[in-house]
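The values are calculated or read from the model by the stated rules, or taken from the named source; none is laboratory data. Since the model is a prediction, treat every value here as computed from it, not as a measurement. Cβ placement follows ideal geometry from the backbone for every residue including glycine, while neighbour counts extend to all protein chains displayed. Accessible surface areas use protein heavy atoms only, side chains included; no ligands, DNA or RNA. Shrake-Rupley method; radii C 1.70, N 1.55, O 1.52, S 1.80 Å.
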Amino acid sequence: MSEICNTCGLPKELCVCETIAKESQKIVVRLVKKKFGKMSTMIIGLNESEIDLRDLAKKLKNKFACGGTAKDGYVELQGDHLRDMKPELVKLGFSPDSIELKR
Ligand SMILES: [Zn+2]
C-alpha cells in the first residue's frame, strides 16, 4: 500500500505538493567559514514542513561527495560548493529564480 499525502490526500507517487513547495521556496546559499579555515556551504530558508531536508542533504552529499547534515531549517555541506549548488538545486526541482547566492 502506498503512502498518502497529508496535504492533498493523493498517494505519494501522484502528489505534487513537494514540487509546488520547491518552486515557491526562497532559498539562500552561502558560505560559512568553519574551524581551521574550512568552508561549509549552507542552504538556508528551506521550509521543513514541505521539504524533506534529510533527503535533500543525502542527494547533495552524494552529488558533491562530501559530508553534511540537515538541521533545523537548513542543510550544511562540507566544502565550498557555492558555484555548483544552484544548477544542482534546479535539477532537484527548485526554481532558479528562488535561489540566491551569497558569499
Ligand atoms: Zn500532496
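Under the condition of being surrounded by 13 or more Cβ atoms within 10 Å (Cβ to Cβ) and in a helix (DSSP H, G or I), the residues counted in segment 57-83 number 8.
The set of residues in segment 1-47 that are open to solvent by 50 Å² or more (accessible area, probe 1.4 Å), touching a residue at least 12 places away in the same chain (Cβ under 8 Å) and either within 16 Å of the ligand (Cβ to nearest atom) or over 27 Å from D80 (Cβ atoms) (or both) comprises E18, T19, E23, S24, N47. Among residues of segment 62-87 that are acidic (D, E), those with a Cβ under 9 angstrom from a residue that is open to solvent by 60 Å² or more (accessible area, probe 1.4 Å) and in a loop (DSSP other than H, G, I, E, B), sequence gap 6+ or separate chain, pair up as D72/E48.
When L14, L46 are checked against the criterion of being modelled with pLDDT of 90 or more, part of a loop (DSSP other than H, G, I, E, B) and within 18 Å of G93 (Cα to Cα), L14 stands alone in meeting it.
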